[in-house]
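To start, the structure itself, in structure tokens.
The values are calculated or read from the model by the stated rules, or taken from the named source; none is laboratory data. Predicted model only: the values in this text are computed from it and were never measured. Virtual Cβ from ideal backbone geometry, glycine too; neighbours counted across all protein chains shown. Ligands, DNA and RNA are excluded from the accessible area calculation, which covers all protein heavy atoms including side chains. Shrake-Rupley method; radii C 1.70, N 1.55, O 1.52, S 1.80 Å.
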Amino acid sequence: MNLRRLLLFLFITFGFLIKAQNYQFTNYSLLEGLPQSQVYCIHEDSNGFIWMGTRGGGVTKFDGLEFQTYTVKDSLAGNYINAIHSLGSKIWVGTNSGLSYFDRGKWHSPQIFRGKAIQDIAFSDNTLWVVANGKVYQSISLTEFEIVEGLPKRVKSLKVDEESNWLATNFSLYQLSDTLNRIILGKPIECFEVVSDGSVWVATHGEGLYNYQNESWVEYGHLLDIDKEIIYDLYRVGDDLWISTLTKGIFKYTIKDSSFVNFKEENGLANNHCRTSLKDSWGNIWIGTGGGGVSQYKGQTFEKWSKTNGLKGDYIYFVLEDFKGAKYIGTSGGGVSIIDTNSRYFNK
């Protein structure tokens, strides 16, 4: 085999395998009906609709086929969306210019938040929490709001769990239960996520990823080579922590065994600039990007086996796996192929 034929053989074989191992992404942007390519927040409502907040294009609802977009022309408070949440049939949206909620086909905007930048929204039972211009408001009636006194100034975000509420400022975390407990990180906090074991993950603006547990901080960014990366969002799904970064795509970090997978444009992701993520009720992961629209991740890679890379036929009639993990594949006219550490087959 001469050099040209050898290179052609390697290109076809390994090129095919690399292509076959791409991750299962579906990307949506302007051509598919998304009003703007920067998606900074995503939420699924009780009916299974996916709501997406954009940076200038308002908020859009996706039903699996089409996008329905709402802007200031539809009485939305603003077109720059920072947060989306829902309770029952109401959809609450935080914008750079106020708070709005969607009810019975119409948008409504409480006057108390008019002109205020809404940074975060959360619910605990039937209480609505809103971070506006660094101050925290709460409402039990969902119509009248009052400022929560005794909290730190310049709150950026909040999380609500069954035991307590968590707040983040520029350099500290606060746990609010019966008392207010301050936890100082001393680095620029971008976002955080609370885990069921009581620990807290905190991402910074270019200074690492940290875990707080047993009154001490441990830095994890160097394990993923993101210790100097801006991390915009942390989202926990079971034992997995989804980490959205500025330039390195999104990571799925498994807390239990410290393993991780990094998804980038080369794997099919719409853009390496990731802003947020969400797991929907079907098990799909939605990833909002800063310029590529939104990506829907449908699961692990497929590895394709055919005559091109070892099977003796492309018409498959049965597949069996034995206790050692070897796969027996019955083909039409090609006998039985066995795939384990090597590829081999039996003819008649």
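Observations on the model:
- Cross-link pairs LYS248/LYS327; LYS116/LYS156; LYS116/LYS248; LYS228/LYS252; LYS159/LYS252 - those with Cα-Cα distance over 24 Å: LYS248/LYS327; LYS116/LYS248
- Convex hull of the chain built on C-alpha atoms - directionally averaged projected area, nm²: 23.0
- Extended-chain gain in nm, criterion 0.36 nm per residue less alpha-carbon gap, SER139 and SER124: 4.4 nm
- Calculated FRET efficiency, VAL195 to LYS307, Cβ-Cβ distance, R0 = 41 Å: about 0.30 to the nearest 0.05.
- In this rough spin-label picture, where each label sits 7 Å from Cα along the Cβ direction, the LEU320-ASN347 distance is 2.2 nm.
- Rough spin-label spacing in nm, given labels placed 7 Å along Cα→Cβ, for ASP103 and LYS90: 0.5
- Percent carbon-and-sulfur accessible area, region 25-104, ignoring ligands, DNA and RNA, probe 1.4 Å: 43
- The alpha-carbon positions of region 220-295 define a convex hull whose volume is 83 Å³ per residue.
- Among ILE118, ILE285, ILE338, the residue with the largest mean-square fluctuation in a Gaussian network model of the chain, with springs joining Cα atoms closer than 10 Å, is ILE338.
- Chain lengthening between ASP280 and ILE112 when straightened (0.36 nm per residue, less Cα-Cα): 57.3 nm
- Extreme residue, positive dipole direction of region 22-100, given options THR71, LEU34, THR95 (C-beta unit charges): THR95
- Charged-residue dipole, Cβ positions (Lys, Arg, Asp, Glu), the chain about Cα centre, Debye nearest 20: 1380
- Taken along the Cα-to-beta-carbon direction at a fixed 7 Å, the label points for LEU30 and THR254 span 4.0 nm.
- For region 86-153: rounded, prolate or oblate by the Cα gyration tensor [a/c cutoff 1.5]: oblate
- Accessible surface, per residue, of the chain when the full set of protein chains is kept, probe 1.4 Å, Å²: 54
- Fluctuation leader among TYR315, TYR232, TYR23 - the chain, Gaussian network, Cα springs under 10 angstrom: TYR315
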